[in-house]
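Below is one structure; the comments refer to it alone.
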Amino acid sequence: MKLRSLLLVFPLLTLSTLRCQATVVTFDDLPLNSPAGIFIPAGYQGLVWSNFGCINGILNPTESPLITNGFYYGVVSMSNVAVNAGGQPAEIDSTTNFNFQSAYFTGGWHSNLNIEVQGFSGTNLVYDQTVVASATNPTLFTFNYLDIDRLYFNSYGGDVAFGYDGGAQFAMDNFEFEFVPEPSSLLLTALGGVTLVAFLKRKRT
């Protein structure tokens, strides 16, 4: 392949790399000292988490009287899961637009729990999907919400699964997303490749 062709391919490959840096958030790097858990701090993984807690799903069932629950069954990667505190709506925001690919969901106390996931760009609702989660098996749901800056989660309904109604809480694990590169970054990469091609062309003539 000619040098010029290689140089033209290089910026294209770089642009592709910038667009494909997906992150799978397992929550396992958050320090937990008790089954009670913590609120996920703002800035974790570059996102702002509102009303999202994190608990150790493996330890949680040992806390009496909540012996059996979906947080234990909802663990995909050992051993933490995110939960919507109190079964209330929760949000994930970002100052940088991102793509939301997928996540595992499990009902904390209810089987057939409805979880509505809305994706926003500014104040505009651009995605809206409701999934139904089991209480005894984590289910991977694919969303493919593109170029958004906010996710809103609202859970409701379902059937009491463990003889105790703890509300419409859900467990979420292996949350997969990627930041959308800023247009300036893409432009600089493309310009760098074009400039390099022009420079080498002048040097050869």
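The values are calculated or read from the model by the stated rules, or taken from the named source; none is laboratory data. Just so we're clear, the structure is a prediction, and the values are computed from it rather than from any experiment. Cβ: placed from backbone, ideal geometry, glycine included. Neighbour counts: every protein chain shown.
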Next on the checklist: Among the residues of region 101-150, what is the count of those that are under 29 Å from Thr68 (Cα atoms) and of a type in the set (Asp, Glu)?
Outcome noted: 1
Next on the checklist: For region 144-158, check the following and say yes or no: at least one residue is exposed (fewer than 14 other Cβ atoms within 10 Å of the Cβ), assigned to a strand (DSSP E or B) and in contact (Cβ under 8 Å) with a residue 12 or more places away in the chain.
Outcome noted: yes
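Okay, residues lined up against (1) modelled with pLDDT under 95; (2) closer than 21 Å to Phe27 by Cα; (3) over 17 Å from the mean Cα position of the chain (by Cα); (4) of a type outside the set (Asp, Glu):
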residue: Ile55; (1), (2), (3), (4): no, yes, no, yes
residue: Glu63; (1), (2), (3), (4): yes, yes, yes, no
residue: Gln88; (1), (2), (3), (4): no, yes, yes, yes
residue: Gly107; (1), (2), (3), (4): no, yes, yes, yes
residue: Phe120; (1), (2), (3), (4): no, no, no, yes
residue: Leu125; (1), (2), (3), (4): no, no, yes, yes
residue: Thr139; (1), (2), (3), (4): no, yes, no, yes
residue: Gly157; (1), (2), (3), (4): no, no, yes, yes
Checklist entry - Can you name the number of the only condition in (1) closer than 20 Å to Phe179 by Cα; (2) touching a Pro at 6+ places or on another chain (Cβ under 6 Å) that Gly74 fails? => result (1)
Next on the checklist: Looking at the structure I just gave you, is Thr139 among the polar types (S, T, N, Q), out of contact with any Lys or Arg (no Cβ under 7 Å at 6 or more places or on another chain) and without any contact (Cβ under 8 Å) to a residue 40 or more places away in the chain?
Outcome noted: yes
Checklist entry - Across region 55-110, what is the number of residues that are without any contact (Cβ under 8 Å) to a residue 24 or more places away in the chain and closer than 17 Å to Pro138 by Cα? => result 3
Next on the checklist: I'd like to know if region 69-82 contains one or more residues that are within 20 Å of Tyr152 (Cα to Cα) and of a type in the set (A, V, I, L, M, F, W, C).
Outcome noted: yes
Item to check | Matching entry among Val81, Val9, Val76, Val24 (being β-branched (Val, Ile, Thr), modelled with pLDDT of 95 or more and not in a strand (DSSP E or B)) | outcome: Val76
Item to check | Which numbered condition Asp165 fails, given (1) at pLDDT below 95; (2) under 22 Å from Phe27 (Cα atoms) | outcome: (2)
Item to check | Checklist (1) surrounded by fewer than 18 Cβ atoms within 10 Å (Cβ to Cβ); (2) among the aliphatic types (A, V, I, L, M); (3) touching a helix residue (DSSP H, G or I) at 6+ places or on another chain (Cβ under 6 Å) applied to Ala168, failing item | outcome: (1)
Checklist entry - Considering only residues of region 35-53 that are among the aliphatic types (A, V, I, L, M) and in a strand (DSSP E or B), which is modelled with the highest pLDDT? => result Val48
